[in-house]
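The values are calculated or read from the model by the stated rules, or taken from the named source; none is laboratory data. Remember, predicted model here, so these are calculated numbers, not experimental data. Every residue, glycine among them, receives a Cβ derived from its backbone with ideal geometry; neighbour counts consider all protein chains shown. Protein only, heavy atoms only, side chains kept; ligands, DNA and RNA dropped before computing areas. Shrake-Rupley method; radii C 1.70, N 1.55, O 1.52, S 1.80 Å.
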Amino acid sequence: ETGVTQSPTHLIKTRGQQVTLRCSSQSGHNTVSWYQQALGQGPQFIFQYYREEENGRGNFPPRFSGLQFPNYSSELNVNALELDDSALYLCASSADRAFVYGYTFGSGTRLTVV
Amino acid sequence: AQSVTQLGSHVSVSEGALVLLRCNYSSSVPPYLFWYVQYPNQGLQLLLKYTSAATLVKGINGFEAEFKKSETSFHLTKPSAHMSDAAEYFCAVFFFGNEKLTFGTGTRLTIIP
């Protein structure tokens, strides 16, 4: 079975630009969540998608948006990038909404905003 | 309010010594509980989970954790530390009614040779 794959692994953007991060869920998983992990901190929940619909959102502004596709892959879009958006962005997938089995995390995308 | 707390942002133990990483949660309903490990420049790897079955949970790499409802705790232990255990450890909680994992701030484990 394949795990969760994220791309790109690293990228550098300029303040004010827009960025799209991508995630391929583990086979058989229909739920995907995105987390932001700033340096030295624990991951913070951004939002979650279940069968292509958003069903949970953390305390992030609307310029953070997402999509889940029919094959359950996902995108995270961030508009009007700010310096504080520099972080490791983690995608996690699960086979069910109750997360009985736990999330499977990808290796993350390291975003640097300059 | 629902929350998760990891006591000790840094823990150092000698190789071969007991590892104890602490996690407490605040919730009126026992949640699901998880421990994840993160190696430098990598994502999160699930060590073990508690989902209302046995209170003593065994995970990978010799780690285990015990859910204690009366103490609202889910501490992570390993009898004998190995150099390869050096990493960041996160306790995470799934509170029912919130469709998300809430993470603690993490504990960096250092192993002293």
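How much length would be gained if the chain were fully extended between B:V29 and B:T77, taking 0.36 nm per residue of separation minus their Cα-Cα distance, in nm to one decimal?
14.9 nm
Rounded to the nearest 100 Å², what is the sum over both chains of accessible area buried where B meets A, with a probe of 1.4 Å?
1500 Å²
If the only charges are +1 at each Lys and Arg Cβ and -1 at each Asp and Glu Cβ, what is the size of the charge dipole of segment A:61-114 around the Cα centre, to the nearest 20 debye?
100 debye
In percent, what relative contact order does chain A have, based on Cα pairs under 8 Å that are 6 or more apart in sequence?
For chain A, the relative contact order is 37 percent.
How much net charge surrounds A:H10 when only the other residues with a Cβ under 14 Å from the Cβ of A:H10 are counted, with Lys and Arg +1 and Asp and Glu -1?
With Lys, Arg at +1 and Asp, Glu at -1, the neighbours total +3.
So, R0 is 22 Å and r is the distance between the beta-carbons of B:E15 and A:L39; what FRET efficiency does that work out to, to 0.05?
Efficiency for this residue pair is about 0.20.
Which whole-number percent is the relative contact order of chain B (Cα, under 8 Å, 6+ apart)?
37 percent
Other chains' Cβ within 10 Å of A:55-63 residues: what's the mean?
The per-residue average across the peptide is 1.
Taking the Cα centre of chain B as the origin, how large is its charge dipole in debye, to the nearest 20, when only Lys and Arg (+1) and Asp and Glu (-1) carry charge on their Cβ atoms?
Value, rounded to 20: 160 debye.
Quick one: how many lysine pairs does chain B have with C-alpha atoms less than 18 Å apart and a gap of 8 or more or different chains? Give me the count, please.
Lysine pairs meeting the criterion: 9.
Could you compute how much accessible surface B:K68 exposes when probed at 1.4 Å, giving the result in Å² to the nearest 10?
Looks like 80 Å² after rounding.
Just checking the output field for B:100-110: average partner chain Cβ neighbours within 10 Å of each residue's Cβ?
Other-chain Cβ atoms within 10 Å of each residue's Cβ, averaged: 4.
In terms of solvent-accessible area of protein heavy atoms at a 1.4 angstrom probe, what is the ranking of A:H10, A:H29, highest value first?
Largest accessible area first, the list is A:H10, A:H29.
At B:I112 and A:I12, where each label point lies 7 Å from the Cα along Cα→Cβ, what is the point-to-point distance in nanometres?
In this crude label model, B:I112 to A:I12 measures out at 3.9 nm.
Using r as the Cβ-Cβ distance of A:E52 and A:T20, and R0 as 22 Å, what FRET efficiency do you calculate, to the nearest 0.05?
It comes out at approximately 0.80.
Per residue of A:35-45, how many C-beta atoms from partner chains lie within 10 Å of its own C-beta, taken as a mean?
Averaged over the peptide's residues, the number is 5.
Determine the shape class of segment B:66-113: with a ≥ b ≥ c the square roots of the Cα gyration tensor eigenvalues, call it rounded for a/c under 1.5, and otherwise prolate if a/b is greater than b/c, oblate otherwise.
Oblate shape, in that a/c is at least 1.5 and b/c is the bigger or equal ratio.
If you average the C-alpha positions of segment B:75-113 and of segment B:1-72 separately, how far apart do those two centres end up, in angstrom?
5 Å
Within segment B:12-113, what whole-number % of the accessible surface is contributed by carbon and sulfur, with the 1.4 Å probe and all protein chains included in the calculation?
Reported share for carbon and sulfur atoms: 51 percent.
Please list, or write none, the aspartates and glutamates whose alpha carbon is within less than 14 Å of the alpha carbon of A:K13, excluding same-chain residues fewer than 8 places away.
Those aspartates and glutamates meeting the cut-off are A:E82, A:D84, A:D85.
Could you check the simple spin-label distance between B:E64 and A:F60, using points 7 Å along Cα→Cβ, in nm with one decimal?
3.8 nm
Grab every C-alpha pair in segment A:13-71, bin the distances at 10 angstrom width from 0 up to the longest one, and report whole percents.
It works out to 20, 49, 28, 4, in whole percents.
What is the dipole size for segment A:1-83, taken about its Cα centre, with +1 at each Lys and Arg Cβ and -1 at each Asp and Glu Cβ, in debye to the nearest 20?
The dipole magnitude comes to about 260 debye.
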